[in-house]
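Visitor: Okay, here's the structure, questions in a sec.
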Amino acid sequence: MKIVVTGAKGFIGKNLCIMLKEAGYSNIIEVDRYTTRSDLISILSEADFVYHLAGVNRPKNEHDFIEGNIDLTYFITEQLATFNRKVPLVFSSSTQALQDNSYGKSKRSAELIIEQYGIKTGSPYFIYQFPNVFGKWCRPNYNSFVATFCYNKLNDLAVTINDPSAPVTLVYIDDVCQHLISHLRKPSKNGFQNVIPNYSTTVGEVANILDSFKRSRNTLVTEDVGIGLIRALYSTYLSYMSPKQFSYEIPKYSDERGAFSEMLKTKQSGQFSFFTAYPGITRGGHYHHSKNEKFLVLKGKALFKFKNISTGESYELIIDDSSSRIVETIPGWSHDITNIGDDDMIVMLWANEIFDRDAPDTYSYPL
């Protein structure tokens, strides 16, 4: 199958071409602004499927809307119609097509051309009126406020927000591409399509979320970056980092026992840290009423000792770095860990809550 992608060097096109290849579609013909009309005719003559993503949204003069959005779409559909083949066509439009402005009018005219192509040739056609699309590789200070906010905040540049409460609907580039690719895999009903999920939020809320990402390197507190809009915004935010921003320091506290560092804190699921211990050193010797922890020995050999502070029951176990075995601390049991190896020991630690100096839930009870 020969798949043609116009606007292949643009934001959506670039992401789509990569994901098409990942999905196993190897015969992808990329069309960009440097493709000549004669070459485009030749390319379209062999097309089995066309993604028409090319368009103009910020021209130097309004006539470019006609040439880039209307005329190009007409040219593509007319050429496809001459080949007497039913070539499916996906068109990238905009929610602006519903507005009374030059850009929106040009997109609406292009939509009508696509519809006529489907009716005339019997070819499948799919029209997406995209709202604000965001994600990696979108050009900042162009047509995505999310891209601009990410870039400016990472580079300590001012962000201008006229109305923080202004509503906005967002769709994430990965979801967009998956929807576009789905038309290659299964039959779809002709006409207008929707990307799901889409996210209804405000400009101010997006700015606040991005601010929290920037603060997290100092506070070590991460947002819930594993799902939904925050996941997508976090991935987008990271994509605008320059290589020199890829790493950062975390606090490290050292004493005669070894070193301790907190790595990552979550709002609802505790925190991650690690510590080292010199040979013969014991850490711990305390209990918790509610707090609980998980230990993983990454390097060295450890003796874990436990004692129930109510019954006096004791328990010991030895764990070394040859075992990927988690050791948990239990509320009401005092515990400590001793490095019984010959080298420095390194242990990863997860606690179910962020450490609170004012209410540490940690009580000394040497074993």
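The values are calculated or read from the model by the stated rules, or taken from the named source; none is laboratory data. Please read these numbers as outputs of a predicted model, since none were measured by experiment. Cβ sites come from the backbone with ideal geometry, for glycine too, and all protein chains shown count toward neighbours.
Visitor: Among the residues in the range 60-73, are any under 15 Å from Y128 (Cβ atoms), modelled with pLDDT of 95 or more and over 30 Å from the mean Cα position of the chain (by Cα)?
Guide: yes
Visitor: Of these, K14, K9, K21, which one is assigned to a loop (DSSP other than H, G, I, E, B), at pLDDT 95 or above and under 22 Å from W137 (Cα atoms)?
Guide: Of K14, K9, K21, the one residue that is assigned to a loop (DSSP other than H, G, I, E, B), at pLDDT 95 or above and under 22 Å from W137 (Cα atoms) is K9.
Visitor: Go through the range 226-276 and give me each residue that's within 18 Å of the chain's Cα centre (by Cα) and of a type in the set (A, V, I, L, M).
Guide: Across the range 226-276, the qualifying residues are I227, L229, I230, A232, L233, L238, M241.
Visitor: Given the condition more than 17 Å from G284 (Cβ to Cβ), among the hydroxyl-bearing types (S, T, Y) and in the same structural domain as F260 (by TED's automatic domain parsing), answer yes or no: does some residue in the range 330-351 qualify?
Guide: Looking through the range 330-351, none of the residues is more than 17 Å from G284 (Cβ to Cβ), among the hydroxyl-bearing types (S, T, Y) and in the same structural domain as F260 (by TED's automatic domain parsing).
Visitor: How about the range 208-252: which of its residues are of a type outside the set (S, T, Y), part of a helix (DSSP H, G or I) and surrounded by fewer than 17 Cβ atoms within 10 Å (Cβ to Cβ)?
Guide: Selection gives N208, D211, K214, R215, R217, N218, G228, R231, L238, P243, K244, Q245.
Visitor: When you go through N69, N57, N27 one by one, which is the residue that is loosely packed, with under 14 Cβ neighbours inside 10 Å and either among the polar types (S, T, N, Q) or in contact (Cβ under 8 Å) with a residue 12 or more places away in the chain (or both)?
Guide: Of the residues listed, the single one that is loosely packed, with under 14 Cβ neighbours inside 10 Å and either among the polar types (S, T, N, Q) or in contact (Cβ under 8 Å) with a residue 12 or more places away in the chain (or both) is N27.
Visitor: Scan (1) surrounded by 15 or more Cβ atoms within 10 Å (Cβ to Cβ); (2) farther than 30 Å from Y74 by Cα; (3) of a type outside the set (A, V, I, L, M, F, W, C) for the single condition G135 breaks and write down its number.
Guide: Unmet for G135, out of (1) surrounded by 15 or more Cβ atoms within 10 Å (Cβ to Cβ); (2) farther than 30 Å from Y74 by Cα; (3) of a type outside the set (A, V, I, L, M, F, W, C): (2).
Visitor: Taking the range 288-324 as the region of interest, how many residues are assigned to a loop (DSSP other than H, G, I, E, B) and in contact (Cβ under 8 Å) with a residue 12 or more places away in the chain?
Guide: Residues that pass the stated criteria total 11.
Visitor: What number of residues within the range 37-58 are of a type outside the set (A, V, I, L, M, F, W, C), part of a loop (DSSP other than H, G, I, E, B) and within 30 Å of N141 (Cβ to Cβ)?
Guide: Residues that pass the stated criteria total 3.
Visitor: Of everything in the range 155-173, what is surrounded by fewer than 16 Cβ atoms within 10 Å (Cβ to Cβ), in contact (Cβ under 8 Å) with a residue 12 or more places away in the chain and out of contact with any Phe, Trp or Tyr (no Cβ under 6 Å at 6 or more places or on another chain)? Give them in sequence order.
Guide: Once the filter is applied, which keeps residues that are surrounded by fewer than 16 Cβ atoms within 10 Å (Cβ to Cβ), in contact (Cβ under 8 Å) with a residue 12 or more places away in the chain and out of contact with any Phe, Trp or Tyr (no Cβ under 6 Å at 6 or more places or on another chain), the range 155-173 yields I161, D163, P164, S165, A166, P167, T169.
Visitor: Given the criterion touching a residue at least 60 places away in the same chain (Cβ under 8 Å) and not β-branched (V, I, T), identify the matching residue among K9, K14, K21.
Guide: Going through K9, K14, K21 in turn, the sole match is K14.
Visitor: Scan the range 48-59 for residues that are at pLDDT 85 or above and over 10 Å from A110 (Cβ atoms) and report the count.
Guide: 7
Visitor: For the subset of the range 9-56 comprising residues that are β-branched (V, I, T) and under 29 Å from A147 (Cβ atoms), which member is farthest from the chain's Cα centre (by Cα)?
Guide: Result: T35.
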